[in-house]
Each structure stands twice: as structure tokens, then as C-alpha cells.
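The structure under discussion appears below in the form of C-alpha cells.
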């Protein structure tokens, strides 16, 4: 099993996330918002397990981020990844209610 498969197992437990695979075999996971606009939660997940969670929807204080503010998920524990996904989904849903 590749590193990506391990991360995918965790991510795909969240049925509200929609998956898209681009032509470079990178996985993206979106949450559809109230206005049918996708909110990108996970992006560029590749076979090595490297990918990013959108820092816009989570508290990034405890994590090293990219210049764009995203968190690299390569070295996150399963628990950390799950908590960040749950936080992102919750924050997106809260913002949907406020719009």
C-alpha cells in the first residue's frame, strides 16, 4: 500500500468530501457549499503521501505552512489529519450558515 492510500483511507471516511483526480494522478477533495461552489479541503495528494490541507479553513498555528498558508500532510499522524479535516468541514459548514 502506498503512502497515498493510507491518507486516502482517512480522507475518504468523510463521505461529505467529493474526490477529483487530475491528469497527473493528483487527488483533490472538495466540500460542496450552499451555493454549489466547491471548497477545496485537500489538494495535490500524490503517491508519496505528499499533499496539502487548505489552511484557510483550519487553525495553522501548530503547523508549518507554505507561503500560501496550506499545511503539508505528508508527515501528519492519522489523528492530526483527521482532526484537521473535521475542523475544516466544521468551519466551512459554519461559514455556509453565516452566508
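Arranged from fewest to most other beta-carbon atoms within 10 Å of their beta carbon, 79, 63 become 79, 63. Each helix, a run of at least 4 DSSP H residues, gives -39500 (n - 2.57); summed and divided by the residues of the chain, these come to -10000 deg cm²/dmol at 222 nm. Anisotropy class assigned to the stretch 39-83 is rounded, per the alpha carbon gyration tensor with a/c under the 1.5 cut-off. Across 39, 68, 88, mean-square fluctuation computed from a Gaussian network of the chain (C-alpha pairs under 10 Å connected) peaks at 68.
Give me the Debye-computed log₁₀ of I(q)/I(0) at q = 0.10, 0.23 Å⁻¹ for the chain, equal point scatterers on Cα only, no solvent, two decimals. Once normalised to I(0) and log-transformed, intensities are -0.24, -1.29. Quick one: grab the alpha carbon gyration tensor of the stretch 1-49, order the square roots of its eigenvalues as a ≥ b ≥ c, and give me rounded if a/c is under 1.5, else prolate or oblate depending on whether a/b is larger than b/c. Cα axes put the stretch 1-49 in the oblate bin.
Values in this text are rule-based calculations from the coordinates and carry no lab data. This is a predicted model, so every value here is computed, not measured. Cβ coordinates were reconstructed from backbone atoms using ideal geometry, including for glycine residues, and neighbour counts include every protein chain displayed.
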